[in-house]
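Written below as structure tokens is the structure these notes are about.
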Amino acid sequence: MPRCPKINNAQPVSKEELGRATWTFLHTLGAQFPDKPTRQQKKDVKELMAILSRIYPCKECADNFKDVLRANPVEAGSQAEFSQWLCRTHNVVNRRKPRKVGVSL
Ligand SMILES: Cc1cc2nc3c(=O)[nH]c(=O)nc-3n(C[C@H](O)[C@H](O)[C@H](O)COP(=O)(O)OP(=O)(O)OC[C@H]3O[C@@H](n4cnc5c(N)ncnc54)[C@H](O)[C@@H]3O)c2cc1C
């Protein structure tokens with residue numbers, strides 16, 4: 001029987017941890033996506049991205065992702081197309097991250 005952790009005791013997840021876990025999920029989805037997706041499968045991944053941009057549990061990231069999706073609409077005509085779109089989109093998201101300020105000693 002699966003055991004579920006008590007949500008009240010769950011540690012908060014950092015933006016970086018959440019991002020890494022989400023990208024792992026998304027790139028795995030891309031790698032498993034069919035070469036010849038059905039209309040429903042294409043619709044599902046487009047909806048998933050739109051839903052992520054609304055409910056992603058980092059509000060600032062969700063808002064940024066809405067802009068990214070507007071400028072880079074989901075391409076899911078095949079496995080190659082979707083996984084390449086994910087790769088490009090991951091780069092776009094990360095380019096928009098605030099730069100770490102260097103410390104001069
Ligand atoms: C939808 C979404 C929106 C986000 N929005 C923001 C935001 O607005 N601001 C913010 O600060 N952070 C945001 N993040 C988090 C951010 O993208 C990173 O996940 C986080 O900063 C951790 O970065 P990282 O360098 O450890 O590796 P990540 O970028 O999380 O990458 C994890 C691993 O994926 C691999 N990888 C890296 N790039 C690619 C690529 N292009 N294609 C395939 N694999 C790759 C590498 O092995 C890497 O170690 C968002 C994440 C998601 C999923």
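Rule-based calculations on the coordinates, nothing more; no lab input. It should be emphasised that the depicted structure is a prediction, and the values quoted were computed from it without experimental measurement. Backbone-built Cβ (ideal geometry, glycine too); neighbour counts: all protein chains shown.
For K43, the aspartates and glutamates whose Cα comes closer than 16 Å to its Cα, not counting residues fewer than 8 places off in the same chain, are D35, E75, E81.
Taking label points 7 Å from Cα along the Cα-to-Cβ direction, E47 and L29 give a separation of 1.2 nm.
Ranked for footprinting exposure by Cβ neighbours inside 10 Å, fewest first, S53, S78 give S78, S53. Label sites at Q40 and R20, each approximated as a point 7 angstrom past Cα along Cα to Cβ, lie 3.6 nm apart.
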